[in-house]
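First comes the structure, then the notes that go with it.
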Amino acid sequence: MARPRYTRHDKGQVEIAQALRRMGMVVWDLADLGGKVLDLLVCWRGLCIPVEIKAEGKRKRLTDNERASMMELAEVGVTAIVATTVDDVLECWPKATDSNVPSSGNQHDAERGELGDGESCPLVL
């Protein structure tokens, strides 16, 4: 498969990646790879989770490739997150990894170690 020359990033993707990096997470932007590769790979405290970024209101509109990727990952025990904001990623992290992350995109919350519980996350597929 040839690498796409240009892949459109979903609205907010750059901002989400930057906010997660400010919190100390490693974020690889993979969106330009296309195909079945999800937008971001987010790593923190020894765990890496694929994240698909969707523009607000388009959360349910996964492509066939995105859906296939998430199903393939689920078969080997990897849970992907679909998010429209940095708070979505942080809220969903506990359910995707069984670990906690800071509860908001605020750098000071991360430094204080405030943790989310993942209870209201409907986005983990």
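The values are calculated or read from the model by the stated rules, or taken from the named source; none is laboratory data. Predicted model only: the values in this text are computed from it and were never measured. Here the Cβ positions follow ideal geometry from the backbone for every residue, glycine too, while neighbour counts run over all protein chains shown.
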**Q.** Residue identified as surrounded by fewer than 21 Cβ atoms within 10 Å (Cβ to Cβ) and within 21 Å of Gly12 (Cβ to Cβ) among Ala55, Ala96
**A.** Ala55
Q: Would you mention how many residues in the range 49-101 are of a type in the set (Val, Ile, Thr), touching a strand residue (DSSP E or B) at 6+ places or on another chain (Cβ under 8 Å) and either at pLDDT below 85 or in a helix (DSSP H, G or I) (or both)?
A: 3
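For the range 22-40, what are the residues that are closer than 9 Å to Glu66 by Cα and touching a residue at least 40 places away in the same chain (Cβ under 8 Å)?
Once the filter is applied, which keeps residues that are closer than 9 Å to Glu66 by Cα and touching a residue at least 40 places away in the same chain (Cβ under 8 Å), the range 22-40 yields only Leu38.
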**Q.** For Val82: the one exception among (1) farther than 12 Å from Ala96 by Cβ; (2) buried (at least 17 other Cβ atoms within 10 Å of the Cβ); (3) among the aliphatic types (A, V, I, L, M)
**A.** (1)
**Q.** Out of Leu38, Leu30, sole residue that is crowded, with 17+ Cβ neighbours inside 10 Å and at pLDDT 90 or above
**A.** Leu38
